[in-house]
1. Rounded to the nearest 5, what % of the DSSP beta bridges within the chain are antiparallel ones?
2. What percentages, rounded to whole numbers, describe P(r) for segment 41-532 computed over all alpha carbon pairs with 20 Å bin width beginning at zero?
3. Would you mind computing, in nm to one decimal, how far apart the modelled labels at Thr80 and Ser605 are, each placed 7 Å from Cα along Cα→Cβ?
4. Would you mind calculating the relative contact order of the chain from Cα pairs under 8 angstrom and at least 6 residues apart, reporting the percent as a whole number?
5. Would you pull out the residues with amide H under 5 Å of Leu546's amide H, same chain only if 5 or more places away, H placed 1.01 Å from N?
6. Can you give me the long-range amide H partners of Ala131? Hydrogens built in the peptide plane at 1.01 Å from N, cutoff under 5 Å, separation of 5 or more residues or another chain.
7. Taking neighbour counts of Cβ atoms within 10 Å as a proxy for exposure, in what order, fewest first, do His275, His316 appear?
8. What FRET efficiency do you get for Gln242 and Asp585 if R0 is 60 Å and r is their Cβ-Cβ distance, rounded to the nearest 0.05?
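What follows is calculated from the coordinates using simple rules that are stated; it is not laboratory data. Everything numeric in this text was worked out from a predicted model, so none of it was measured. Please note: Cβ atoms are built from the backbone with ideal geometry, for glycine as well, and neighbour counts cover all protein chains shown.
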Amino acid sequence: MMRFTMSQDTPGSTATAANPTQQGDALENLLHENRKFAPSEDFAANAVVGAEVYAEADADRPAFWAKQARELLTWDKDFTQALDWSNPPFAKWFVGGEVNAAYNALDRHVENGLGDRVAIYFEGEPGDSRAYTYAELTEEVKKAANAFESLGVAKGDRVAVYLPMIPEAVITLLACARIGAVHSVVFGGFSADALRSRIEDAEAKLVVTADGTYRRGKPSALKPAVDEALSREGDGNGHTVQNVVVVKRNGQDVDWTEGRDHWWADTVGAASAEHTAVGHDSEHPLFILYTSGTTGKPKGILHTTGGYLTQTAYTHKAVFDLHPETDVYWCTADVGWVTGHSYVAYAPLINGATQVMYEGTPDSPHQGRWWEIVQKYKVSILYTAPTAIRTFMKWGRDIPDKYDLSSIRVLGSVGEPINPEAWMWYRDVIGNSGAKQSPAPIVDTWWQTETGAQMIAPLPGVTATKPGSAQVPLPGIAVDVVDENGASVPNGHGGFLVIREPWPAMLRGIWGDPERFKETYWSRFETMYFAGDGAKKDEDGDIWLLGRVDDVMNISGHRLSTTEIESALVSHPAVAEAAVVGAADETTGQAVVAFVILRGDAVDSGDEIVQDLRNHVGKEIGPIAKPKIILVVPELPKTRSGKIMRRLLKDVAEGREAGDATTLADNTVMAQIAASLKK
Ligand code: 6R9
């Protein structure tokens, strides 16, 4: 059962940062984190955005966004109205405006004399590399646009994209956007079944894929999944795909369907490099991206053009303090996820930035690969996920310490709450390399596939950052934490994260299912968007994300966050990673069950370490938070975007056969856990 109750006065909710381990403060572990790091004077003085933006945005939100839209984008036709909210929850932004995403990401930079600036430094896993200037990337996108049109793709048609992290992925997305086709990227790690259901739901006309990619030094195939997806009859009338374009990446043998399959080099390579972009309506669909919900059927999150481009570009500039002339930006997300859409394919190029794109895994061919890349390209802005940071912690600081990371000046985090220990490690080890006057600021960015762009994050030249907190709604964004009746909670209290006002990059719906859109996001609180996350306001009013509300546990009537207990466990020197679930318990309702991975150098002393960890949690949070059971495991089940699948761990904790594990990054993990528990 999902629990939506969250009491307004959780024990200890009035705790202050000064009394970290007092008993009554059981639930306030994260709020005890009272370190604060103000931006250096130098950083603040050179920051692209100052504190005045908050007041400016508060004075008139739509006007603030209209200003950003006109400053950051070149419109073919100016808009007449910033926001039309006459039919909530269906918003229209920049009404009447016409804009072309690809023109804004490419052609205009070339026209402005920036054609020779590097747009993408591509680094292949086997060590091949290639730089694309803005002029070159523009030419490739024009060719791809012509090629797709010659294959019958027209404005409004859907194109399924099943590609690895190679430049053709960005080229494909921008080519679709250029001609007004709606892309639907399916992450390369998803199965043929998942691909087929997404192709069918969106009724895609074209699929763009590759023979394969490289994974940990070995070729890894993609095309067979496309062949399989297209060979089966679906639930409905079968698929709508007419053509498949195949990038040759790893050269492995592929099956070929004559008439349907075309090599990228033959179609795109042979196409004309002349293509004029025309403006599309501001509300023209840009893409669909499927994301899992609480039910089995993935939701096709729909984003449109003008508002999405405006907010992604603004946040990319403001949150990362982007200086496009000098910065080298690297977002490690795969294009299969929303971060790879907003902060790889669109915003950096709209802003004329130079970015790094890496195809492979962080440990191929060695565990220093990322840091080698940072050193090679002098990366100055790095944007990654806490799960990656904790993995590097596990591998040890001596690995990054071997490289020159002194170019780094801003660090970003996204995807899940970042525990204070990982935050501090990120700052001290990655952000403080070389002879820096002060370590690079960390921006913890909260947002979702549905929000399209960052919503809560510090501004690095303005905010005094706090380890583990995303802190402040961005200018022009109305975020709040409310109780179960929708009333704003006072500082020091927890509740549900909501968004009170429409924002430019908000989802416009669920593809083909307007009712589900209303039901999922707009029915819990009538006039507010319900994000599905729990959050707390600290005494300063700063926001701390506590994980999905479906992960909130109720132990003997006390609310406990999985995140808080995980954070406590990970703060123990022997623990590398931890996942906590609430398992059904006859006496207490739910009981805390923890799964931990020990650090390489920690000794698994069996009962002793378990007792030690229980005591540690008791000390960090309070006796009620002590896990009833702690299981030492070799791995944790994670999705390909790095999220722990607690549902599967809950099955283990409750003694059930583990449920559907098809979206796991590594499908052997559940067997590894089962084997380790039998020992
Ligand atoms: C961008 C992305 C969205 C969910 C979201 C929340 C979690 C993302 C977070 C964070 C705490 C952050 N999440 N960023 N939690 N702090 N900085 O990840 O989109 O894949 O749709 O996931 O991820 O639970 O609701 P998506």
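1. About 60 percent, rounded to the nearest 5.
2. 24, 59, 17, 0
3. Those two pseudo-labels are separated by 7.6 nm.
4. Details: 1503 pairs, mean separation 97.3, N = 679.
Reported relative contact order: 14 percent.
5. Gly534, Ala535, Lys536
6. Amide H to amide H, under 5 Å and 5 or more residues apart or across chains, Ala131 pairs with Phe122.
7. Details: His275 21, His316 28.
Ordered by Cβ neighbours within 10 Å, fewest first: His275, His316.
8. Values: r = 55 Å, r/R0 = 0.92.
Computed FRET efficiency for Gln242 and Asp585 comes out at 0.65.
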